[in-house]
Structure formats: structure tokens, C-alpha cells
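Here's the structure, in C-alpha cells; my notes come after.
The values are calculated or read from the model by the stated rules, or taken from the named source; none is laboratory data. All values reported here derive from a predicted model rather than from experimental measurement. Here the Cβ positions follow ideal geometry from the backbone for every residue, glycine too, while neighbour counts run over all protein chains shown.
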Amino acid sequence: MLISKIIYVWKKGVDIMNPRKIKENILLMGAIDWNRRLFDSLIPLPDGTSYNAYLIKGSEKTVLLDTVDLPMTDVLLSQLKSVKNVDFIVSHHAEQDHSGAIPHVLKKYPYAKVITSSKGKDMIVNHLCVPEEKVVTVEDGEELSLGDKTLKFIYTPWVHWPETMVTYLKEDKILFSCDFFGSHIATTDIYVTDEGQVYEAAKRYFAEIMMPFRNIIKKNIQKISEYEINMIAPSHGPIYDKPDFITDAYRDWISDIPKNSVVLPYISMHGSTKKMVQYLVAALSERGVKVHQFDLAVTDTGKLAITLVDAATIVIGTPTVHVGPHPNVTYAVNLANVLKPKAKFASVIASYGWGSKAIEQIANMIPNLKVEILEPVLVKGYPRENDFKALDKLADMIATNHKKNNFQ
Ligand code: FEO
């Protein structure tokens with residue numbers, strides 16, 4: 001057994017941690033995925049991630065909250081080895097990184113039922129091929145007694161799928177939040193120890209996953225604020241034993257008021273656009289505006305997403321490729337449109353050789369952004385004196401608009 005465990009760990013690059021006690025009869029289980037670098041074949045994971053599951057043993061019933069990603073099933077089953085009975089598996093969210101091992105846990109505990117929200121049932125049945133009769137739905141606010149412990153299920157839709165819910169453990173005042181408040185970090189820490197690291201990872205996670213649902217999240221935060229919460233236990237990253245740290249951060253991120261900053265993603269093929277970017281960044285900086293510039297040829301899109309959380313203005317820098325924007329720019333603009341940041345202004349600085357529709361095409365690609373378009377700057381070839389004047393004018397417009405709106 002020890003040999004096979006060592007081989008498994010070596011092959012998968014994961015540690016099989018023993019279940020770790022959070023409180024009496026509440027155990028942290030799950031897998032730490034140190035080597036994962038991409039989620040959904042889209043989202044960069046520079047710090048890996050974890051799939052946290054929690055086992056709660058009541059005096060009468062035992063419940064497992066969420067499971068792990070399918071390739072990590074053996075880790076969870078190894079942790080459950082000495083657990084004789086599981087009565088319920090709560091699936092807060094049907095996405096496979098938390099639900100993937102449910103069929104295997106059901107095989108081990110054939111009498112267990114899966115508890116999920118009304119919208120979750122269909123997903124569990126269709127994505128995981130779990131028989132319908134194994135799935136029990138709970139309503140918003142419904143409670144389940146485990147004997148000396150009581151679970152309250154709270155619907156928190158769109159964090160980040162329509163079926164998502166959280167569980168409040170009444171006696172211990174713990175909120176099990178699944179993706180909500182999560183962070184992609186592989187760590188042996190049970191609780192947050194490095195707030196700076198977790199803040200950035202949680203903000204990255206919010207930006208990539210939650211930001212499009214800012215307005216619904218406001219309602220969800222309002223809903224959970226009615227509960228006294230001593231601890232928030234997400235299904236990615238460490239547990240928050242000081243819950244205000246993450247709920248205050250979320251309140252800031254979901255606010256409608258952006259900060260005095262500009263995000264400037266760009267591509268330059270032969271240096272013309274880069275010169276415009278350098279000039280505009282310096283001009284904005286001189287006017288007291290913070291700028292985050294990203295060369296899309298080498299950028300971690302997660303870093304770009306993080307800065308989109310707060311920016312008041314987005315400026316796109318692009319050369320012209322076959323009359324339109326560079327394909328990497330198209331990707332970034334599409335990403336910004338999908339993530340729906342709170343930015344209030346946008347513009348384009350572009351260079352071309354013999355003809356360009358880059359500005360019109362970019363403007364048509366951002367219907368989700370509620371932005372005022374500031375006069376773009378289009379340059380034929382390399383920028384010269386008049387073009388720098390136009391960039392100064394753009395910097396003036398941005399700085400003035402930020403000031404007028406009191407963006408800090
Ligand atoms: Fe962590 Fe939406 O899954």
C-alpha cells in the first residue's frame with residue numbers, strides 16, 4: 001500500500017494529506033494540486049490549486065461536503081479509508097473539480113444520497129451520470145440535522161454557475177462556500193497565513209470566474225451577512241479564520257466605483273504601437289493616473305484580469321493585421337467583454353500601414369462593457385509630432401474624467 005501511494009504521489013505530483021481537523025468532528029479533506037497550471041484549458045494557475053472537501057460527523061449522520069476533481073479521486077478515497085459510513089454527499093456546485101469523484105464515493109457508500117440545489121440535480125445527473133434516485137434536492141434555507149450538528153443550505157446562485165449554494169454549519173458558525181471566496185493556491189496551510197499571497201490569488205479567482213456576476217454577488221453577500229460567521233471554508237485555497245478579510249475584499253471588488261487606473265493591453269509588431277504605448281503611459285503617469293500595461297505576447301492573462309477588476313479606463317493598443325486588430329488583441333478584448341469589468345471609459349491606440357478597421361472592429365467587440373468611448377488615436381506608420389499631441393489629448397481626457405468622477 002505504501003509503495004502504491006508513493007508511486008501515485010510521484011506520478012500525479014500531489015500529496016495525499018491525511019484528513020486534518022478543523023474543529024471537533026469536522027475534517028478538511030481533498031487534494032492539493034501543486035502542478036496544475038491551467039484550469040478549463042483557459043485560466044492560468046501560477047500557484048496550482050486545491051480541491052477541498054469537508055467531512056462532518058454528527059452524532060447521528062455523517063456528511064461529506066463536496067469531493068475532488070476526478071483525477072484526484074484516489075486521494076479522497078484514501079482519506080475516507082477509515083470512514084465507515086457517509087450518509088450524504090453535499091454537492092454545492094456541479095462543476096467537475098468538486099463533483100468529479102461523486103460517483104466513486106457513491107460506489108464506496110452505496111446508501112449515501114447526494115444533496116444539491118434544485119438546479120444542481122439535473123447537472124449532477126447529466127454531467128456525472130449519477131442515477132436520479134440518488135440525488136435529493138433541498139430548497140433555499142432548508143436545514144438538515146446530523147444529530148448534534150445542523151446544516152443550513154443557502155442558495156447563492158451564479159458563483160459562478162446557476163445552481164451554486166453554500167452550507168452554514170449552525171453550531172460552529174462555519175460557512176462552507178465552495179467556489180465562492182475561493183483562491184487557486186496549492187498550500188499546506190489550513191488557514192490563511194500569508195494575506196498578501198491569498199489576496200492576489202483570490203482577486204485573480206474573482207476576476208476570472210466571478211466578475212461577470214458582480215451584481216448577483218452583491219445580493220449573495222447581503223444574504224450571508226445575516227449570519228454570524230466565524231470561519232469561511234472554501235473548496236479552493238486556505239480557510240479564512242478571519243472571514244472579514246475576504247468579505248471586505250469582495251465588497252471592494254464588486255463595488256461600482258472604479259479606481260484611478262488604466263489597463264493598457266497591447267501588441268506591437270514593429271515598434272510603432274509600442275512607441276505610442278510608452279508615450280501614453282508616461283503621459284498618464286505625469287497626470288497622476290496609475291497604468292497597468294501588458295504586452296499581450298508575453299502576458300499572464302490572469303494578471304490582466306486582476307487589473308480589470310478596478311480600472312476606470314481600458315485602452316487597447318494594436319497594430320493592424322489584415323485590416324483588423326492583431327489576433328492576440330482580439331483575444332484580450334473578447335476576454336474583457338466576457339468578464340464585464342466595471343470600467344467606465346475605453347479607447348484604442350492603433351497603427352496601420354495601408355488601411356485599418358481596427359478601431360471600429362474593437363468597438364464592436366465590447367457590447368458588454370458599459371463604457372464611454374474616448375477619441376481613439378490612429379497612426380499611419382510610426383508616430384510623429386501630431387500623433388503625440390493626440391496621445392496627450394487622450395491622456396488629458398482620461399485624467400480629467402477620472403478626476404471629475406472622483407476615482408481614487
Ligand atoms: Fe471550482 Fe466552478 O469549480
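Summary table below
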| item | result |
| --- | --- |
| Residue that is among the small types (Gly, Ala, Ser), surrounded by 17 or more Cβ atoms within 10 Å (Cβ to Cβ) and more than 22 Å from the chain's Cα centre (by Cα), where the choices are 332, 312, 363 | 363 |
| Subset of the range 1-33 (residues that are in contact with a strand residue (DSSP E or B) (Cβ under 7 Å, 6 or more places away or on another chain), at pLDDT 95 or above and either assigned to a helix (DSSP H, G or I) or surrounded by fewer than 17 Cβ atoms within 10 Å (Cβ to Cβ) (or both)) | 20, 21, 25 |
| Residues (touching a residue at least 60 places away in the same chain (Cβ under 8 Å), more than 10 Å from the ligand (Cβ to nearest atom) and assigned to a strand (DSSP E or B)) located in the range 34-48 | 43, 44 |
| Those residues of the range 193-224 which are in a helix (DSSP H, G or I) and within 13 Å of residue 47 (Cβ to Cβ), in sequence order | 196, 197, 198, 199, 200, 201, 202, 203, 204, 205 |
| Qualifying residue in the range 304-318 (condition: β-branched (Val, Ile, Thr), free of Cβ contacts under 8 Å to residues at least 40 places away in the same chain and out of contact with any Asp or Glu (no Cβ under 8 Å at 6 or more places or on another chain)) | no |
| Any hit, the range 127-142, residues being of a type in the set (Lys, Arg), out of contact with any Cys (no Cβ under 8 Å at 6 or more places or on another chain) and within 21 Å of residue 179 (Cβ to Cβ) | no |
| Number of the exception - residue 227 against (1) part of a loop (DSSP other than H, G, I, E, B); (2) within 16 Å of the ligand (Cβ to nearest atom) | (2) |
| Members of the range 257-291 found to be polar (S, T, N, Q) and within 22 Å of residue 334 (Cβ to Cβ), listed by number | 261, 268, 273 |
| Filter pass, residue 290 being surrounded by fewer than 19 Cβ atoms within 10 Å (Cβ to Cβ), under 17 Å from residue 399 (Cβ atoms) and touching a Ser or Thr at 6+ places or on another chain (Cβ under 6 Å) | yes |
| Among residues of the range 71-100, those that are more than 14 Å from residue 235 (Cα to Cα) and of a type in the set (S, T, N, Q), counted | 5 |
| Matching residues, the range 49-93, being aliphatic (A, V, I, L, M), part of a helix (DSSP H, G or I), more than 13 Å from the ligand (Cβ to nearest atom) and in contact (Cβ under 8 Å) with a residue 60 or more places away in the chain | 75 |
| Residue identified as assigned to a helix (DSSP H, G or I) and buried (at least 16 other Cβ atoms within 10 Å of the Cβ) among 399, 346, 350 | 399 |
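Conditions tested, residue by residue: (1) modelled with pLDDT of 95 or more; (2) aliphatic (A, V, I, L, M); (3) touching a strand residue (DSSP E or B) at 6+ places or on another chain (Cβ under 7 Å).
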| residue | (1), (2), (3) |
| --- | --- |
| 164 | yes, no, yes |
| 167 | yes, no, yes |
| 175 | yes, yes, yes |
| 205 | yes, no, no |
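Condition check ((1) touching a strand residue (DSSP E or B) at 6+ places or on another chain (Cβ under 8 Å); (2) in a strand (DSSP E or B); (3) under 30 Å from residue 217 (Cα atoms)) across all residues:
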residue	(1), (2), (3)
257	no, no, yes
264	yes, yes, yes
283	no, no, no
288	yes, no, no
305	no, no, yes
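Rundown of residues vs (1) closer than 27 Å to residue 353 by Cα; (2) of a type outside the set (Ser, Thr, Tyr); (3) modelled with pLDDT of 95 or more, yes/no style:
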{"site": "273", "(1), (2), (3)": "yes, no, yes"}
{"site": "279", "(1), (2), (3)": "yes, no, yes"}
{"site": "287", "(1), (2), (3)": "no, yes, yes"}
{"site": "295", "(1), (2), (3)": "yes, yes, yes"}
{"site": "318", "(1), (2), (3)": "yes, no, yes"}
